[in-house]
Each structure stands twice: as C-alpha cells, then as structure tokens.
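Heads up, the thing below is written out as structure tokens.
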Amino acid sequence: MSNFLIFLGSVIISLITLSHAENTAEEIAEILRRLEYVESKVKTLEAENEILRDENIHIKHILKEYILLHDRTDGVRDNHVNFLSSNDQSNHTEINKENATKDETSNYYRTQFASKETNRAWIIKRLLIDTPTSPTPPMKVAFAAGLSTTINSLGSHQAIEYDEVITNEGNAYDARHGHFTAPMKGMYLISATITAAEGKNVALELVKNGQRTAVMYADSRSAGHYSSQSRTLPYVLEQGDMVWLRTFPGYNGHKLDGSTHSFYNCFAAVLLFPM
C-alpha cells in the first residue's frame, strides 16, 4: 500500500511537472509571436519614416523654389542661393554642396523661410499704411426744378409741383407730387425761390415730413414790378425724409406765376455729405 501511494505520488508529480513545462512552452511561443509582430511593425514604420523623410526633403526644395521665384517685394536676391530651375541642374548640385548635412539644410531652409515671411509681413504692413483708403464713393444726389405753368388759384396747403426738371441726379425728386425724398441720411442744402407778379402777393412754406421749417413771402402790390424771395438752408435729413413746398395758410386763391426756362419759382436740393 505504501509503495502504491509512493508510485501514485510520483505519477502526480510527473503530471504536474509536465503540465508546467507545457504551459511554459506555450508562453514562450506566445512571446516569440509577439516579438515577430513587433519586429514586423518596426520594419513597416522604418520604411514609412524613410518615405516621409524623402518627401520632407522634396517639399523643402519646392518651398525654397517658391520663395525665390515669387518673393520680389524687397528686390534683393540672396547671393549665396541660386534658383533651382528644371533647366539648370548645376544649381541644384551647388546647393547640395553648400549644405553638407541634412540638419544644416533643414536649418538653412527654416531660416530662409522665416526671414522671407518676416520681410513679406513688413512690406504688406507698409503698403497698407502708405496706400490711401478708397471708400465707396457717396451716392450723388442733386435736383433742380422750376414751375413752368402758372397756378392761377392756389389751394389750401397745395403742394407745388415743380414740373420743369433740369437736374435730378439720384432720382430723389418726384415731379408728379413736388416731393424730394432723401435717399440716405446726410447734410442737404435745400433752396427755393418764390416770385409774385406785379400787383400780387403770395406766400409758401417749406415743410419736412409735413412740418413747417421755413416761410417765404413775396409782395409786389406796391413795387410796380415783380418781387421775389429765396431761402437756402442746410438740413440734416434722415433716409426717407420728405421735403416740399406748399401754400402758406391764408394764401389759398392767390396766384403763383410759372414760366418755361425762367425759373421765377423754383425748388432745388443737393447732398453735401452723407452721415
């Protein structure tokens, strides 16, 4: 019995030892497989790195050619650098000789590029300072119109339709209604002249958006000739403001003479400057 137990114990020990050895062998095989995989990846990365290195050198050469070809702002060429053209391979050889190592070549191109970029930025800044600005020119607004036909009896608050238009730059004046509409905010010079025939008197008011801003009166009853009065005033008008002339209260029924090309009674405006 004791011998059997000793034999059984030895068998168990042998099985344990064999199992341990098999596990160790599998672990070693797994490690070797991983090493082979890592080695394969390293070789792949080395090959890719070599390709990238060559491409980097090629890009640096192209960048340098671009700078030398297109940068003419300072009018000065580097004496120790020759332009690399497709028809002059000797220049390429000369540059390779001047730059003995890859590090020197990289540093050289980096320095040249930084220098060119700094100079270009300075040139652009100088041009921006020295070059006068060219703002969009303001809209041109000016009109002048006269009354060509006599109004024998003015109505109450009747808008005067100055129908003989000689200037209407910007189309801001509406001859159908006698209204001037400001196309933009600005300082405008508004002018009007009123004339009364011999033995007559008449009065008009200048209004902005329906509100009186000035009054003009002409009286020829005792003068024995035509008399007139003018107003020329600067106005700040907002975009869309309307200005016109109409009968002054109490002067409805009076006469307002009109005459072709004479401009006895006229209305005008011009934009001095936008705001």
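The values are calculated or read from the model by the stated rules, or taken from the named source; none is laboratory data. Every value quoted in this text rests on a predicted model; they were computed, and no experiment measured them. Glycine also receives a Cβ, built like all others from the backbone with ideal geometry; neighbour counts cover every protein chain displayed. We work out accessible area using only protein heavy atoms, side chains counted, and drop any ligands, DNA or RNA first. Shrake-Rupley method; radii C 1.70, N 1.55, O 1.52, S 1.80 Å.
One table, with the values for the structure above:
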read-out	value
Within-11-Å neighbourhood charge of Lys185 [Cβ basis; K, R +1; D, E -1]	-2
Solvent-accessible ranking of Thr24, Thr232, largest area first, probe 1.4 Å	Thr232, Thr24
By accessible area with a 1.4 Å probe, ligands and nucleic acids excluded, highest first: order of Met184, Met275	Met275, Met184
From phi via Karplus (6.51, -1.76, 1.60), per-residue ³J(HN,Hα) for region 261-275 in Hz, x at Gly/Pro	6, 9, 6, 4, 10, 8, 9, 8, 7, 8, 7, 7, 6, x, 9
Under-5 Å amide H pairs with Ser227, H placed in peptide plane, nonlocal only	Ala196
Thr193, Thr44, reordered so the largest accessible area comes first (probe 1.4 Å)	Thr44, Thr193
Around Tyr251: net Lys/Arg minus Asp/Glu count, Cβ-Cβ under 15 Å	+2
Kirkwood-based Rg to Rh ratio, region 171-275, C-alpha trace	1.00
Descending semi-axes in Å of region 188-249, equivalent ellipsoid built from Cα gyration tensor	27, 11, 7
Pairwise label distance in nanometres, Thr24 with Ile51, each label 7 Å out on the Cα-Cβ vector	4.4
